[in-house]
Every structure is written in C-alpha cells, then in structure tokens.
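Since the structure comes first, as structure tokens, the remarks are kept for the end.
Bear in mind these aren't lab numbers, they're just calculated from the coordinates by the rules spelled out. Everything quoted here is computed from the prediction, not taken from an experiment. So basically every Cβ, Gly included, is an ideal-geometry build from the backbone, and we count neighbours across all protein chains shown.
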Amino acid sequence: MDHETVFLMGVYLLPLGFVSLISAWAGNRTPWLALALAVLSVAFFGYVFATRPEGLFSIRDIPDLTIALVVRVMALFQ
C-alpha cells in the first residue's frame, strides 16, 4: 500500500475509536475496541512517519488525499 492510503486509514480509524470509547463509557463497558482502533491508528501513523522521507502529511492534505483515494477506487469499477 502507498503512504497516502495508510495515512488515511489511520485518520479515519481514529474517530471511530473515539466513538467506540464514548459508546463503551456510556454502556459502562471496557473499551477494548476503542483501544484496538487507537493502537492501529497510531501504528499506521508511525509506519507513514518512519517510511515516508517527508514524514507525516499535514492536516490540510487530508481532503485532497481523500478525493484522490475515492477517484482511484472509482476507477477500479469502470
């Protein structure tokens, strides 16, 4: 996988982990899924940071990277 895809997976898994944390807190449960999503997201960020010469992408790059990913996925189905 390329760095853009891995970075976006980390970006979009982190809010899901937060939602899972709130859900577990509201239901008085242990937030194992939230922990797993957060660890996975940080691992994706770490991978991109360690292997991409320029380091992490900036927050301003997220919309452009997302559109590029959607375009690539749509091109697979045409």
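Does any residue of the stretch 51-59 turn out to be touching a helix residue (DSSP H, G or I) at 6+ places or on another chain (Cβ under 9 Å), aliphatic (A, V, I, L, M), part of a helix (DSSP H, G or I) and in contact (Cβ under 8 Å) with a residue 12 or more places away in the chain?
Looking for residues that are touching a helix residue (DSSP H, G or I) at 6+ places or on another chain (Cβ under 9 Å), aliphatic (A, V, I, L, M), part of a helix (DSSP H, G or I) and in contact (Cβ under 8 Å) with a residue 12 or more places away in the chain, one finds none in the stretch 51-59, hence no.
Filter the stretch 1-40 down to the residues that are among the hydroxyl-bearing types (S, T, Y), more than 18 Å from L69 (Cα to Cα) and outside any loop (DSSP other than H, G, I, E, B) and list them by number. Outline the logic, then answer.
First pass over the stretch 1-40, keeping only residues among the hydroxyl-bearing types (S, T, Y): 5, 12, 20, 23, 30.
If we keep only those that are more than 18 Å from L69 (Cα to Cα) as well, we get 20, 23, 30.
Selection gives S20, S23.
Condition test on P31, is it surrounded by 12 or more Cβ atoms within 10 Å (Cβ to Cβ), more than 13 Å from the chain's Cα centre (by Cα) and farther than 15 Å from V11 by Cβ? Even if it seems obvious, please write down each step before you answer.
Numbers: surrounded by 12 or more Cβ atoms within 10 Å (Cβ to Cβ): yes; more than 13 Å from the chain's Cα centre (by Cα): yes; farther than 15 Å from V11 by Cβ: yes.
Answer is yes for this residue.
Could you please give the count of residues in the stretch 62-78 that are loosely packed, with under 14 Cβ neighbours inside 10 Å, in a helix (DSSP H, G or I) and not hydrophobic (A, V, I, L, M, F, W, C)?
Here the count works out to 3.
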